[in-house]
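To start, the structure itself, in structure tokens.
The values are calculated or read from the model by the stated rules, or taken from the named source; none is laboratory data. Bear in mind that the values here come from a model prediction, so they are computed numbers and not experimental data. Here the Cβ is made from the backbone with ideal geometry for all residues, glycine too, and neighbour counts use every protein chain on show.
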Amino acid sequence: MTRSLRLTSLPVLFLALVLTAPGCGTDDQAGWDDPDVAEIGTIPPRGSAWVVLNGDTVVAEVADTPEAREEGLMHRTEIPDGTGMLFVFDDEDTRQFWMRNTYVPLDIAFLNREQEIVDIQQMEPETEEFTESAAPAMFALEVRAGWFEEQGIEPGTPVEIIFGRR
């Protein structure tokens, strides 16, 4: 049983809420500091993102610093369905990941700048062997092993990333 969220109308709801929120300006995060906006769940919490793929949504922790990317999902004993980690890089390049101190098998999807999946690979727990993207990537999404296949997600799938408050 998959516990992932189905949020296909989320972008429309979010846009409507932000445009009607009191004190909205023209900056990119207008209304995001309004506690009422965050409370009703129209944007992900700080430090996370919603990654929407084929109508399914992964609630992902965001790793956007060298330290957070190095730690990744180390020391986790489970990755619940519908959750994962989104690695964010400053540029598009070939990426390498390993599974040091990572106790659960994972799948990793590499996404290009246009947020399209360019490669999906399986990674075995507790190995220092590198998994390298087959194409340049700006993002990588790790989820529990088998999740992408179960959802029918494969290379070429477009992805929408909705970042939480920064």
Just name the residue that is nearest to residue 110 (Cα to Cα) out of those in the stretch 58-80 that are among the charged types (D, E, K, R) and in a loop (DSSP other than H, G, I, E, B). 64
Scan the stretch 81-106 for residues that are over 14 Å from the mean Cα position of the chain (by Cα) and assigned to a loop (DSSP other than H, G, I, E, B) and report the count. 10
Right, residue 80: closer than 16 Å to residue 145 by Cα, at pLDDT 95 or above and surrounded by fewer than 17 Cβ atoms within 10 Å (Cβ to Cβ) or not? yes
Report, ordered by the first and then the second residue, all pairs with beta carbons closer than 9 Å, sequence separation of six or more or different chains, a first member in the stretch 97-111 that is surrounded by fewer than 20 Cβ atoms within 10 Å (Cβ to Cβ), and a second member that is in a loop (DSSP other than H, G, I, E, B) and of a type in the set (Lys, Arg). 103/76; 104/76
Determine whether residue 152 is of a type outside the set (A, V, I, L, M), outside any strand (DSSP E or B) and in contact with a strand residue (DSSP E or B) (Cβ under 8 Å, 6 or more places away or on another chain). no
Among the residues of the stretch 131-146, is any crowded, with 20+ Cβ neighbours inside 10 Å, within 15 Å of residue 55 (Cα to Cα) and either touching a helix residue (DSSP H, G or I) at 6+ places or on another chain (Cβ under 6 Å) or among the hydrophobic types (A, V, I, L, M, F, W, C) (or both)? no
If you check every pair at least six apart or on different chains, which have Cβ atoms under 6 Å apart with a residue in the stretch 147-166 that is under 14 Å from residue 59 (Cα atoms) and touching a residue at least 12 places away in the same chain (Cβ under 8 Å) first and a residue that is β-branched (Val, Ile, Thr) and not in a strand (DSSP E or B) second? 164/43
